[in-house]
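Structure first, then comments.
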Amino acid sequence: MLTLKKLNKGQTLSHAFLWGYVIVTLFPLLWLLMTSFKTNREITVNTWALPKSFNFDNYRAAWETAKIGLYAWNSLYVTVAACFLTVLFAAMTSFALSRMKFVRMNKLVYTFIMFGLLVPSGALFIPLYRLIQTLTTDYGIQLYDSHLGLILVYCTYGLPITVFIIYAFMLSIPNELEEAGIMDGLSAAGLFARVIIPISAPALVTVTILSFIGNWNEYILSQLFITSETLRTLPTGMASFNDGYRTNFASLSAAVIMSIIPVLVVYFFLQRQIIEGMTAGSVKG
């Protein structure tokens, strides 16, 4: 009986802590949603009050006046392209490192790639900027102020963690499946495309979603490498709500809500695959 009481108390504390965490996490989002329906005057007079009426003028203004539609398309294009290239290169690299043995350098190459996780992201801003500028001005390769350059930069930042997750998953794939494919006459490319990739689907879905969320919300690199107004991504494009003298908080809140919706939709439908992919490969057997 005493054990049961202790267990109930422990469960109550755990549930209370989790509910508190949920409230603290969701409150800013709910407050932002309520703010998106207010006018700037309502926000200034009473920041925490509910809106007097639920109108969509802020959403309309953000979409039409502030070119949120254009910025959202730019973000979608850059994000999808960067995700595809990152996952493709990471999958091929992980396949070579985990399933092939070449001159006993697998561990060395893998360790070299993992060093990318140890380097602070800010330490690469200046070298990458100088490299992109040099390729653009001296060699005529238009990477600065272009979506191609931003996509390549996103791939550079995303490869280490993507290789780390996919490599761990591919190590857990039984060798018997690979041997069966070879017995059926599959080449290395066929083994990769027809055996390893389908089995690695949970890990691939996981890294795709993580890469999508990271690239969609990224601000600093986009601000650094994109200067043209028509090429800006959504996070940097929302800076247009600040004209130096005042900030249109109402339209800005509506724009932030619209920018969150794609990520929430993707995560809502694929959250199970994210959890499975993060835990798969951690235990062999």
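Details
- Close pairs (7 angstrom Cβ cut-off, 6 or more residues apart or separate chains): among the acidic types (Asp, Glu) in the stretch 174-189, at pLDDT below 85 and outside any loop (DSSP other than H, G, I, E, B) anywhere: Glu178/Arg99
- Scanning the stretch 68-112 for residues that are touching a helix residue (DSSP H, G or I) at 6+ places or on another chain (Cβ under 7 Å) and without any contact (Cβ under 8 Å) to a residue 12 or more places away in the chain turns up Gly69, Asn106.
- Looking only at the stretch 113-138, and only at residues there that are without any contact (Cβ under 8 Å) to a residue 40 or more places away in the chain and β-branched (Val, Ile, Thr), the one that is farthest from Thr93 (Cα to Cα): Thr137
- Whenever a residue of the stretch 19-32 is within 19 Å of Phe54 (Cβ to Cβ), its partners that are hydroxyl-bearing (Ser, Thr, Tyr) and assigned to a helix (DSSP H, G or I), lying with C-beta atoms within less than 6 angstrom and at least six residues away or across chains, give the pairs Leu32/Ser253.
- Filtered residues of the stretch 130-155 (kept if of a type in the set (Phe, Trp, Tyr) and surrounded by fewer than 17 Cβ atoms within 10 Å (Cβ to Cβ)): Tyr139
- Once the stretch 206-247 is narrowed to residues that are closer than 17 Å to Ile165 by Cα and touching a Gly at 6+ places or on another chain (Cβ under 6 Å), the residue that is modelled with the highest pLDDT is Ser211.
- Single unsatisfied condition, Leu135 versus (1) within 22 Å of the chain's Cα centre (by Cα); (2) aliphatic (A, V, I, L, M); (3) over 30 Å from Ile197 (Cβ atoms): (1)
- One residue stands out among those in the stretch 40-61 that are polar (S, T, N, Q) and not in a loop (DSSP other than H, G, I, E, B): the one that is surrounded by the most Cβ atoms within 10 Å (Cβ to Cβ), which is Asn58.
The values are calculated or read from the model by the stated rules, or taken from the named source; none is laboratory data. Computed from a predicted structure; not experimentally measured. Cβ: placed from backbone, ideal geometry, glycine included. Neighbour counts: every protein chain shown.
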